[in-house]
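Q: Dropping a structure here in structure tokens format, bear with me for questions.
Just so it is clear, none of the values below were taken in a lab; they were calculated from the coordinates. Quick caveat: nothing in here was measured; it's all calculated off a predicted structure. Because the Cβ atoms are built from the backbone with ideal geometry, glycine has one as well, and the counts that use them run over all protein chains shown.
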């Protein structure tokens, strides 16, 4: 269902298209009704399982088979977690920090995000790799071994 309200504000937030007012704007009832509609729609998708989160993205029955960690991370609307164990879509990803099993966590939103990789086997290292404007910003960096 499309939003029936027409907002007055020209500036919008990046992810949910909510109103952002300048000092010269005069917020009105339509602005708030528009925002409430968008928030309600996003919460409804989250509660119904339509939102893009780790349980739907990594379900091997009908969801996309991501071949790289970057592709998976860019598909997330918010922070998310996935496990890349043997037989799961991201096991053996070409941009993995090492040929091991990992739990990936992506945090942040917009143009700057961070992927954290927790190694299950081997040395048990924790890696990090930033994303900037949808692309890897650096190589994987290992910052902790447990």
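Q: So, in nm, how far is label residue 24 from label residue 121 when the simple model puts each one 7 Å beyond its Cα toward the Cβ?
A: 6.3
Q: Now, a different point. Arrange the following residues from fewest to most other Cβ atoms within 10 Å of their Cβ: 115, 107.
A: 107, 115
Q: Here's another thing I want to ask about it. Just to verify a number: FRET efficiency for residue 94 and residue 132, C-beta to C-beta distance, R0 = 30 Å, to 0.05?
A: 0.95
Q: What is the fewest-to-most order of 40, 95, 35 by other Cβ atoms lying within 10 Å of their Cβ?
A: So the residues, fewest neighbours to most, are 40, 95, 35.
Q: Ok, one more. Among 111, 142, rank each residue by its count of other Cβ atoms within 10 Å, from fewest to most, as a rough exposure measure.
A: Neighbour counts put them in this order, fewest first: 111, 142.
Q: Report the extension gain between residue 79 and residue 6 in nm, rounded to one decimal, defined as 0.36 nm multiplied by the number of residues separating them, less their alpha carbon distance.
A: Here the segment from residue 79 to residue 6 would lengthen by 23.3 nm.
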